[in-house]
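Data block below; observations after.
The values are calculated or read from the model by the stated rules, or taken from the named source; none is laboratory data. It should be emphasised that the depicted structure is a prediction, and the values quoted were computed from it without experimental measurement. Cβ: placed from backbone, ideal geometry, glycine included. Neighbour counts: every protein chain shown.
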Amino acid sequence: MSENSHRDTIFVDEAVILEQLEYPGRQYILRVHAPQCAEKALPGSFAHITCDPSLPMRRPLSIMSADPDSGEVHFLYKIVGEGLSLLAQKKPGDRISVMGPIGKPFYPDNERRRTLLIGGGVGIPPMIFLADHLNKDTATDWLPLVLMGSELPFPFDITPSQLDAGDIPATASHGLELLERQGVTSRLASLAGLEGCFHGFVTELGRDWLLGLSDEERDEVSIFSCGPTPMLAAVAALAAEFSLPCQVSLEEFMACAVGGCAGCVVPTRTANGVAMKRVCVDGPVFEAHTVFPPAA
């Protein structure tokens with residue numbers, strides 16, 4: 001992909017809010033009608049949203065799902081600061097400006113059909129989008145496993161899973177109902193004592209699962225992740241431990257979100273040394289080892 005190849009796929013929709021669902025922990029799922037964004041969105045891409053006319057700065061939100069047929073785009077967000085607090089006050093029928101989709105998405109390798117998707121907190125939405133994308137891709141027999149961690153109640157219906165998750169502790173007994181209905185295996189982790197969740201870090205579940213695979217099965221694994229930086233660093237270390245390819249989606253504060261201001265740069269490792277890359281357009285998805293180099 002060339003550096004600027006994405007720029008003809010960024011659109012601005014005057015989107016109509018269809019629904020806002022509130023969940024514990026000041027979490028919200030937002031449904032909007034944004035047909036241009038829905039048409040081009042891919043797992044890992046995001047949108048830059050105007051929260052209120054009183055605020056000139058937009059806010060970046062990861063896309064949780066997009067339906068080109070209906071024109072719907074769904075987001076999950078947690079109130080942090082004034083902008084998202086104002087967004088949470090919007091009602092069905094209100095209009096907001098949605099600029100997107102933006103950024104480099106995930107690129108699954110169809111030679112590694114065992115995909116381990118690890119999401120944490122508001123990094124969960126891209127994992128749901130990717131799981132759905134893989135599930136609908138009939139060209140490859142994908143075998144996704146979605147592991148999610150949260151210290152807040154999950155803003156989804158959870159249910160005892162009937163799907164095999166391999167060598168994962170029995171205390172991780174529940175999954176997301178929306179994935180369960182699709183036949184996609186998921187398990188949950190939390191340190192908050194949530195029902196059906198493994199008490200520990202989500203990366204511990206990932207490590208247990210990987211240890212339970214044969215060498216041949218492990219050779220088919222690739223890892224994808226989005227969440228807080230400490231979790232992503234742990235996911236990158238897990239991938240390095242098992243010599244597995246891993247892509248991570250970074251979360252950063254952004255101003256323009258289209259590469260002009262360079263306000264979201266992060267250091268990355270390249271063949272020519274350290275280079276500063278913009279999370280908005282050079283990412284948000286990066287090869288994990290370029291952002292979190294393996295320990296010496």
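Among (1) outside the structural domain of Leu232 (by TED's automatic domain parsing); (2) within 24 Å of Cys280 (Cβ to Cβ); (3) in contact (Cβ under 8 Å) with a residue 12 or more places away in the chain, where does Pro92 come up short?
Exception for Pro92: condition (2).
Residue by residue through the stretch 70-98, note down the ones that are in a loop (DSSP other than H, G, I, E, B) and surrounded by 18 or more Cβ atoms within 10 Å (Cβ to Cβ).
Gly71
Could you list, in sequence order, all residues of the stretch 27-52 that are closer than 24 Å to Val285 by Cα and of a type outside the set (A, V, I, L, M, F, W, C)?
Gln27, Tyr28, Arg31, Pro35, Gln36, Glu39, Lys40, Pro43, Gly44, Ser45, His48, Thr50
Taking into account only those residues within the stretch 106-143 that are of a type in the set (Val, Ile, Thr) and part of a loop (DSSP other than H, G, I, E, B), which is surrounded by the most Cβ atoms within 10 Å (Cβ to Cβ)?
The selected residue is Thr140.
So, Ala139, is that one among the aliphatic types (A, V, I, L, M), closer than 30 Å to Trp209 by Cα and modelled with pLDDT under 95 or not?
yes
Given the structure, is Val98 assigned by TED's automatic domain parsing to the domain that holds Glu72 and in contact with a helix residue (DSSP H, G or I) (Cβ under 6 Å, 6 or more places away or on another chain)?
yes
Whether any residue in the stretch 50-62 is polar (S, T, N, Q), buried (at least 20 other Cβ atoms within 10 Å of the Cβ), over 12 Å from the mean Cα position of the chain (by Cα) and outside the structural domain of Gly227 (by TED's automatic domain parsing) is what I want to check.
Yes, because at least one residue in the stretch 50-62 is polar (S, T, N, Q), buried (at least 20 other Cβ atoms within 10 Å of the Cβ), over 12 Å from the mean Cα position of the chain (by Cα) and outside the structural domain of Gly227 (by TED's automatic domain parsing).
When the residues of the stretch 280-296 are narrowed to those that are at pLDDT 95 or above and among the aliphatic types (A, V, I, L, M), which ends up nearest to Ile124 (Cα to Cα)?
Applying the filter and picking the extreme gives Val285.
Cβ-Cβ under 6 Å, sequence separation 6+ or interchain: first residue in the stretch 37-61 and at positive phi, partner among the hydrophobic types (A, V, I, L, M, F, W, C) and assigned to a loop (DSSP other than H, G, I, E, B). Which pairs?
Final answer for the pair search is Gly44/Phe106.
Could you please let me know if Gly166 is under 17 Å from Met127 (Cα atoms), over 18 Å from the mean Cα position of the chain (by Cα) and assigned by TED's automatic domain parsing to the domain that holds Leu143?
no
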